[in-house]
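Below: the structure, in structure tokens.
The values are calculated or read from the model by the stated rules, or taken from the named source; none is laboratory data. The model shown is predicted, which means the values in this text are computed figures rather than measured ones. Glycine gets a Cβ as well: all are built from the backbone with ideal geometry, and neighbour counts include every protein chain shown.
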Amino acid sequence: MAEDHEFNEADAESAAYNVSVGERLRAIRRQKKLSLQEVEADSHDEFKASVLGAYERGERSVSLPRLRRLAIFYGVPIEQLLPRDEALAGEAVAASRKMAIDLVTLATRNEEEFVILSRYLKMIQVKRGDFNGKVLTVRADDVRAIAAMLDVAIDDVSAHLETLGLLFKPTQIN
């Protein structure tokens, strides 16, 4: 009888973990702005919409080789498809000084200062699990590091990025 109780606890823990993995899978897919059907089509039917949906709902366990192939398909590190450590999640506190950097424009720049900046911003993306690939909002600590990279005062980072065409400005819809 005690063995049945332990088995049920293990099952419940596995089921909860499957749900957490599924939430991460769904979050990454949505960041990529893909539907389940688009994933199926774009992967040439490697990832069936119904199976991927079952992974996302936590109804099925995903194998490590399959998780690796999903990470490659989404273009993200495999660890980003796993649930986040709650202790690390608490670190993501909004800072007062934020600005958005246009990653698309940055990718077109090959000068050394831009290569270093790009590498730094990719590190931030991995840490946050933010893979939309178009814009990245940087926080106060990030702005200080960027100021050092660009050799400008902290208060001048925004203006300098704007001069370089790297400060993202949302388009106004009238």
Q) What single numbered condition from (1) modelled with pLDDT under 90; (2) surrounded by 15 or more Cβ atoms within 10 Å (Cβ to Cβ) fails to hold for Glu113? A) (2)
**Q.** Residues that are touching an Asp or Glu at 6+ places or on another chain (Cβ under 7 Å) and among the β-branched types (Val, Ile, Thr), drawn from the stretch 100-136
**A.** Ile124, Val135
Q.
Can you go through Glu38, Glu86, Glu79 and tell me which one is closer than 26 Å to Lys122 by Cβ and at pLDDT 95 or above?
A. Glu38
(Q) Can you tell me which of (1) surrounded by 12 or more Cβ atoms within 10 Å (Cβ to Cβ); (2) out of contact with any Leu (no Cβ under 8 Å at 6 or more places or on another chain) is the one Asp141 doesn't meet? (A) (1)
Q | Qualifying residues in the stretch 22-38 (those that are in contact (Cβ under 8 Å) with a residue 12 or more places away in the chain and more than 24 Å from Leu136 (Cα to Cα)) - the one surrounded by the fewest Cβ atoms within 10 Å (Cβ to Cβ) | A | Gln37
Q. If Glu46 passes every condition in (1) among the charged types (D, E, K, R); (2) crowded, with 17+ Cβ neighbours inside 10 Å; (3) farther than 21 Å from Asp130 by Cβ but one, which one does it miss?
A. (2)
Q. In the stretch 52-88, what residues are over 21 Å from Phe131 (Cα atoms) and touching a Lys or Arg at 6+ places or on another chain (Cβ under 7 Å)?
A. Ala54
**Q.** Number of the condition not met by Ala107 [criteria: (1) under 16 Å from the mean Cα position of the chain (by Cα); (2) at pLDDT 85 or above]
**A.** (1)
